[in-house]
Structure formats: structure tokens, C-alpha cells
Amino acid sequence: MACAAVMIPGLLRCSVGAIRIEAASLRLTLSTLRHLTLTSIMKSKRKTDHMERTASVLRREQVEQQLREPSSQIVSAAKVCGAASESPSVKSLRLLVADQDFSFKAGQWVDFFIPGVSVVGGFSICSSPRLLEQERVIELAVKYTNHPPALWVHNTCTLDCEVAVRVGGEFFFDPQPADASRNLVLIAGGVGINPLLSILRHAADLLREQANKRNGYEIGTIKLFYSAKNTSELLFKKNILDLVNEFPEKIACSLHVTKQTTQINAELKPYITEGRITEKEIRDHISKETLFYICGPPPMTDFFSKQLENNHVPKEHICFEKWW
């Protein structure tokens, strides 16, 4: 099982000289991709962008080079095949990725290349690897900001728009069949739910596989703690509760709202706590069989990772990613 205590400051970087792609399968040419990558690194005057913040993070081709398994396509063409509003500030995208060599691990993100936009985006995948295997589709959820890639997603993107993606990130859950069984505690703040939803969905796929085949990786219990300002900003509520109801003995959630001003509907109320996620709630789930995945604003990830260390959780059992 690959699991490391890592700080991935928000989003992206790029190995500029390593981009190789078949022009016939993607309208973005090699020179265009190099231009996008270089300008994304050079144009960050107000604050660091995704490519700079993740400059030390391995991309897929770098991992494959280390394993001596070079890929024929490092950057993969993708087409927008669906879009929806997940909240007043977040839009989700479904991307069709026909490239059969494209794959990812639950929790990873993509470098997001947009024709005509010089800045490279960085967005976590919120779908499971199984969806990609079955339908060649990945899902992203993008919060509205003034960052050019996010503006493009919210204001310009339409069905059939063509983009390009490349997988990166060291924050993931990818157990192998022979690995020891682990419980998972997932701690999300705001749009930090995205990679954790991918992990939750992957865990559900493993539970289904275990039930159907009675073999494969045997996962333990999964508890999701998820905090947002109010219930309208709690993303993927139905998806999360559907999994809780499908696996009531295995999956549980505690949804927190910090600035709720309207009445909470009856369906959500049993799962809602008003106020922040507390140290005690997390501490109650500490065991030597438990892995902790944390994703959210830097103060939140700093707080919980430090508290877990103070409670003698091994560093290799604490995985976190910061979103800026």
C-alpha cells in the first residue's frame, strides 16, 4: 500500500522538457504544450500557481521512468462530456479520456491544459479509478476563483471542449490484495473533499469487489469527517449518503457546518453537526490499523496532522494535501 505523509502545497508543476504527445490524437501541439507550461511558471507575479507549488511532486512520466516503463503518451487528450453545478461556487466536469494508457490512483490530481489559456490548472480527480476503467471518464469539481483555469471552467467551458490532462500527486490510496487490512479516516475541508471522495468511492468499489468475489483487498471501516460553511457548500452530499446507506456497517460520515443560517433539511439533519470538526472526534478513531487522509485549507491540515502526531500516530499513517 502506498501511503506517505506529504505536504503538496495546493497544485501543480511540470517537467517542461519531458512533454511528448502524438499530435494526431490531440490538437494541442508539442510547442503549444511547452508554451503553456513555461508561461504558467513564469506568469505568477501575484502568488504562486499550481505548477510552482508542486514543483517537487512527481508526474506520471517521472514515476514510469524510475520504473523503466516509459509511456507513449504523457499528456492525454480529453473532451468535456458533462458539466453540472455542485454548489453556488463549484462546478463539476466529466471528461472523456480515450487514451487507454491513461490511469490514476484514488486521491491524485491532474495538470489541466486548456487551449488558449497560458496558465496550467491543477484539479483533484473526485471519481474512482473504476469509473475510468469502465467508461473512460474522470470527474473534477472546480471552485470559482479568479485563477484563469477556474474562470475558464465556470465561464467558457462547454460540452465537447477539448483539453489535455496529466496525472500527478503523492496523495493517494492504492492498496494491493495482499496488504494488511486498514481502516480509513478521511478529513475534508471545503473543496478538499475532492480527492477524499475519490478515495471513498474507491473504498466502496473494493467493498463491492470483496462481496462479489470474496477475495481481493479486505478493507476495514471508513469514516468521513467533512466541514464546510453551510449545507449548500457541502459537495456531493447525495453521493456520500448513498454510500453510507449502501454500506451502513462499513461507511459512516459526520458532516459539519460552521456558518449555517438556514434550516437544515430532515434528510441531512442526522448527519450534520454545527461547528468545526474537533480533535476529540478524530482522536476517538485512532488505532494502529487506521490510516488518516486530510485535505483542506492549510491551517486545518496543519492542525489535524500535528494533533495526530501528538497522539502518537505514526507519520506513515498520516497523509495530507493542502489546498490554497
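Some notes on this structure:
- Partner aspartates and glutamates for Lys213 [C-alpha distance under 20 Å; skip if fewer than 8 residues away on the same chain]: Glu133, Asp174, Asp179, Asp205, Glu246, Glu249
- When the range 95-152 is reduced to its Cα atoms, the Kirkwood hydrodynamic radius in Å: 12.3 Å
- Counting protein heavy atoms only, the range 210-324 has 49 percent of its accessible area on carbon and sulfur, 1.4 angstrom probe.
- Cα gyration tensor shape for the range 193-324, rounded if a/c is under 1.5, else prolate or oblate: oblate
- For Cys126, nonlocal amide neighbours, meaning residues 5 or more places apart or on other chains whose placed amide H falls under 5 Å from its own, are Glu139, Leu140, Ala141.
- Amide H within-cut-off set for Thr273, under 5 Å, with H built and near neighbours excluded: Leu255, His256, Val257
- Fully extended contour minus Cα-Cα distance, from Glu316 to Thr262, at 0.36 nm per residue: 15.4 nm
- Extension gain for Glu209-Leu151 works out to 17.0 nm (0.36 nm per residue, less the C-alpha to C-alpha distance).
- Table column - 3J(HN,Hα) (Hz), the range 253-261, Karplus curve with 6.51, -1.76, 1.60, x for Gly and Pro: 9, 10, 9, 10, 10, 9, 9, 6, 10
- Using the 1.4 Å probe convention, the accessible area of the range 168-240 works out to 35 Å² per residue with neighbouring protein chains retained.
- Segment Glu279-Ser254, length gained on full extension (0.36 nm per residue, minus Cα span): 7.7 nm
- Qualifying lysines (Cα of each under 17 Å from Cα of Lys315; at least 8 residues distant if same chain): Lys288, Lys306
- Within the full protein context, the accessible area of Thr158 is estimated at about 80 Å² for a probe radius of 1.4 Å.
- Three semi-axes describe the equivalent ellipsoid of the range 78-189; taken as square roots of 5 times the Cα gyration tensor eigenvalues and ordered largest first, they are 26, 17, 13 Å.
The values are calculated or read from the model by the stated rules, or taken from the named source; none is laboratory data. Computed from a predicted structure; not experimentally measured. Only protein heavy atoms, including side chains, enter the accessible area calculation; ligands, DNA and RNA are left aside. Shrake-Rupley method; radii C 1.70, N 1.55, O 1.52, S 1.80 Å.
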